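Read-outs throughout are calculated quantities, based only on the coordinates presented, and are distinct from any laboratory measurement. Because the structure is a prediction, the values reported are computed rather than measured. We place every Cβ from the backbone using ideal geometry, glycine too, and count neighbours over all the protein chains shown.
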Amino acid sequence: MSHSVTLPSTKDIIELERRHRLPGGQSMTDLAGIVVDRAVNAEVWDRDGKRYIDFFTGVGVSNIGHSHPAFLEELTTQLSRCAVGTFYTDVRSRYFALLAAQLPEQLGEIHMFSTGSEAVEAAVKLARAATGKHEIVSFWGGFHGKTQGALSLHGGPRKHRSGPFPPGSHQVPYADCHHCPLQLEHPECGQRCVDLAEQSIENGSVGDLAAVIVEPVQGTNGNIIPPEGYLRTLRQLADRHGALLILDEVITGFGRTGALFAFEHDPGIAPDVVVLGKAMASGVPASAIVSRSGLVEGTSFAVPSAAASTFGGNPLASAASLATLRVLLDERLPERSHELGKSVSDRLSAWREEFPFVGNADNIGLMIGVELVDPATRLPLPKGITRRLFQELMARGVLAMAYDSRIRLYPPLSIPTHHLEEGLAAFEGAFRAMAPAISRL
């Protein structure tokens with residue numbers, strides 16, 4: 001006698017989760033309204049069998065693509081041996097050695113954590129211990145995580161009604177040249193935003209600056225790329241104040257920008273601390289800080305267990321990190337990101353020409369940002385329009401953070417060229433479908 005098994009439907013699965021979860025989850029989850037069944041490289045299939053090109057990748061997490069065979073093999077092997085614990089392991093020592101070999105010699109010390117927010121807070125703690133000072137400068141539009149300490153560094157509305165925050169944080173303008181707060185044009189401006197940052201520190205701080213923390217490219221703010229030389233001037237600003245320069249490469253690291261790390265685009269930056277996360281372990285929670293050697297010797301940070309993390313550097317996370325880095329290097333994915341980025345740049349130029357509602361559209365490697373504006377006012381398109389665009393893309397089989405006026409795209413660096421073309425063509429089709437509604441605004 002056979003018994004048929006009725007599998008839960010997409011609706012059943014979503015309703016069950018919503019019945020039990022707290023609000024405040026990721027926007028993408030509820031807007032997409034799909035249940036993922038499986039994913040391979042740049043393709044995702046939902047529970048109902050619909051296929052999508054993934055330009056989301058968990059906010060830039062799957063740089064090596066979903067379900068890479070070498071990654072799965074490394075994880076399966078490690079999972080069968082040992083998954084937790086902070087004892088020395090061969091896999092972590094090999095990961096540290098391989099990662100260190102890719103970094104400048106002065107960035108010689110590594111400590112692993114579980115999330116970007118955790119690593120950011122550890123970097124701030126390190127800076128305060130190393131300098132004996134407490135103030136931190138961060139930037140308008142910058143985003144470093146959602147824990148209370150990390151959120152205190154944010155310069156924007158995401159921290160509204162979430163305080164109070166730890167003291168000592170100051171925000172200054174970022175070099176978002178397409179929305180210059182000083183209404184100036186680059187390069188004629190001479191990077192006056194850095195002068196304003198200097199003045200803000202002079203007049204708003206107590207003269208106790210421990211660090212400047214900055215994203216080489218602002219991710220959450222729309223993948224905003226600063227002008228060439230900007231990060232070097234921040235290096236100089238930090239030096240003038242005896243402060244450390246912390247680069248938050250949680251989203252730019254591991255090949256996303258066309259180099260393994262974004263700071264490699266300008267050797268003059270020379271960060272003291274780099275924060276890593278997201279794509280570091282391809283979906284297994286892992287993050288890290290790498291710092292200039294000897295910064296915290298003899299300080300409170302170096303006290304045994306002072307910087308320890310329950311899951312930081314566990315065997316499974318170490319194996320995932322090692323496998324990810326090996327794939328990135330063996331398949332030359334940072335270089336591939338750079339090459340594919342050239343064709344994306346040409347495509348974005350064509351979009352600006354064809355679609356009057358496309359404002360700033362720029363990329364560095366496969367870190368892509370597209371701004372949507374009212375053609376008449378140049379103000380951001382309203383959510384009513386952008387949410388319709390998101391649904392249009394879903395219908396055309398593309399997953400992307402395209403539900404706001406600042407679109408952020410993070411395809412896998414391993415994406416086949418024809419899948420990249422398929423996704424970009426879907427955007428063009430969606431833009432053309434939405435053009436009449438936008439023209440009526």
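By the rule of a C-alpha distance below 23 Å, with chain neighbours fewer than 8 residues away ignored, the lysines paired with LYS11 are LYS50. Here the Karplus curve 6.51 cos²θ - 1.76 cosθ + 1.60, taken at θ = phi - 60°, turns the phi angles of segment 408-424 into couplings of 10, 10, 9, x, x, 5, 8, 4, x, 4, 6, 6, 4, 4, 4, x, 5 Hz, with x standing for Gly and Pro.
Across segment 237-248, rounded Karplus estimates of 3J(HN,Hα) from the backbone phi angles (6.51 cos²θ - 1.76 cosθ + 1.60, θ = phi - 60°) give 4, 4, 4, 4, 9, x, 10, 7, 9, 9, 9, 8 Hz, Gly and Pro being marked x.
Under Stokes-Einstein, with the Kirkwood radius over Cα pairs standing in for Rh, what whole-number D in µm²/s applies to the chain at 25 °C and 0.890 mPa s? If you can, show how the numbers build up before the last one.
On the way: Rh = 22.9 Å.
Stokes-Einstein gives a translational diffusion coefficient of 107 µm²/s.
I need the trypsin sites (Lys or Arg not before Pro) found in segment 333-362, filtered to DSSP loop residues with at most 13 other beta carbons within 10 Å of theirs. Write down the numbers at each step before the final one.
On the way: sites: ARG336, LYS342, ARG347, ARG352; in loops: none.
Taking segment 333-362 and a limit of 13 other Cβ atoms within 10 Å, no loop trypsin sites (Lys or Arg not before Pro) are found.
For segment 297-324, the residues whose amide N sits under 16 Å from a probe point set 7 Å from the Cα of ARG81 along the beta carbon direction are 313-324. Estimated translational diffusion coefficient (Stokes-Einstein, Kirkwood radius over Cα pairs, 20 °C, 1.002 mPa s) of segment 42-166: 116 µm² per second. Put a dot 7 Å past the Cα of GLU17, heading toward its Cβ, do the same for ALA425, and the two dots end up 3.1 nm apart.
Taking K and R as +1 and D and E as -1, what net charge do the other residues with C-beta under 14 Å from the C-beta of ARG440 add up to?
Details: positive: ARG388; negative: ASP374.
That sum, taken over residues with Cβ under 14 Å, equals 0.
Calculated on the Cα set of segment 150-258, radius of gyration then Dmax: 14.2, 39 Å. The Cα-based radius of gyration of segment 305-406, divided by its Kirkwood radius, gives an Rg/Rh of 1.15. Straight Cα distances below 26 angstrom link LYS159 to the lysines LYS125, LYS133, LYS146, LYS278, LYS383, with same-chain residues fewer than 8 positions distant left out.
The residue among TYR95, GLY258, HIS186 whose Cα reaches farthest toward the positive pole of the charge dipole of segment 70-330, with charges on the beta-carbon of Lys, Arg, Asp and Glu, is TYR95. Taken along its principal axes, the alpha carbon cloud of segment 374-441 reaches lengths of 38, 19, 17 Å, longest axis first. For the chain, the relative contact order is 21 percent, taking Cα pairs closer than 8 Å that sit 6 or more residues apart in sequence and dividing their mean separation by the residue count. Applying 1/(1 + (r/R0)^6) with r as the Cβ-Cβ distance of SER67 and GLU198 and R0 = 41 angstrom yields a FRET efficiency of 0.25. Can you give me the Rg/Rh ratio for segment 70-330, using Cα atoms for both radii and the Kirkwood formula for Rh? A ratio of 0.97.
So how much slack lies between SER300 and ALA395, counting 0.36 nm per residue of separation and subtracting their Cα-Cα distance, in nm?
Details: separation 95, 0.36 × 95 = 34.20 nm, distance 5.40 nm.
My answer for the length gained is 28.8 nm.
Quick one: Kirkwood hydrodynamic radius for segment 47-107, alpha-carbon pairs, angstrom, one decimal?
Working: mean 1/r = 0.0670 Å⁻¹.
Its Kirkwood hydrodynamic radius stands at 14.9 Å.
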